[in-house]
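Notes for the one structure printed next.
Laboratory data are not the source of any read-out in this text; all were calculated from the coordinates shown. All values derive from a computational prediction rather than experimental measurement. Counting neighbours? That spans all protein chains shown, and the Cβs are built from the backbone with ideal geometry, glycine included.
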Amino acid sequence: MISTYWQASRAPRYSLLFALPLLILYEVLAALAPAGPQGMTIRNGADVALQALFVWLAGAWGPRLFLLCLIAVGSWLIAKDVRANRASIRPALLGGMLLEAVFLALAFGIVVGGLTSAILGGPPPLAIGTPPPQQIDRLTLLMISLGAGIYEELLFRVLLVGALAWLGHKVLGWRPLVAGVAATVTGALIFSAFHYIGPFGDNWDIYSFVFRSIAGLFFSGLYLLRGFGVTAWTHALYDVFLLIR
């Protein structure tokens, strides 16, 4: 039973379907969110980065085109997996994935914070931060937290680490293991640095940078072991737990 859960929960028909509510909640909250300071539209930074090419190609229709392509690709992968395995969707398995993500999110801060403290010394930081509440309302902060799960994992784990690993193996001729390790470490550093960019980026701090770098390694390992859905929910729930602590 455990081995069946372990394998099935990583399959696209479960992993992507499990991530779908995160996408829907994020988009609904983004549509309802008030404008930020100076009338700026606020969205998760990874979402904005992923939309950039579509905005360049289609202008104001870019974000809609991006979302449509995202849903279309996800639906195609789910349908392909269902047909290939001739399998139905079991709601109980999705419930198990949610419990797993809750447990991992609760353990995340303890494990990654402890490693950061062991490396740098001193008390562990609170971790992956969110913009100060005095600048952004809590509903918008919730939207950004959910977007971190769906879009940051898509950008930094699925696309960036995957592309770097392919580059190292196919172009530079490295062995797959070497290329994968180099891609994971580089992706984690880029993931951490990303949080200090833009008008709502955090102030530079060595503890938060190291914490986020280790977090990037954690999420990459979790993505490889447990797939996109569990990783996205773990990331999102951790950020939400920080928000409501």
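As a length-normalised measure over Cα pairs under 8 Å and 6 or more apart, the relative contact order of the range 2-244 settles at 32 percent. The residues 100, 152, when put in order of fewest to most other Cβ atoms within 10 Å, stand as 100, 152. Classify the range 175-245: rounded, prolate or oblate, from the alpha-carbon gyration tensor (a ≥ b ≥ c, eigenvalue square roots; a/c under 1.5 rounded; otherwise prolate if a/b is larger than b/c)? Oblate.
Students often get this wrong: which residues of the range 206-223 have the backbone nitrogen under 20 Å from the point 7 angstrom along Cα-to-C-beta of residue 85? What the label zone holds, given the 20 Å backbone N cut-off, is 222-223.
Taking chymotrypsin sites (Phe, Trp or Tyr not before Pro) in DSSP loop states with no more than 14 other Cβ atoms inside 10 Å as exposed sites, the chain has its longest site-free stretch at 1-195.
Report the percentage of all Cα-Cα pairs in the range 2-244 whose separation exceeds 32 Å, rounded to a whole percent. In whole percent, the long-distance tail amounts to 21.
Sum up the charges of everything whose Cβ sits under 12 Å from the Cβ of residue 195, counting Lys and Arg as +1 and Asp and Glu as -1, but leave residue 195 out. Local net charge: -3. Helix screen, the chain: DSSP H segments with Cα axial length of 24 Å or more and mean Kyte-Doolittle hydropathy at least 0.0 are 12-32, 62-85, 91-120, 176-194, 206-244.
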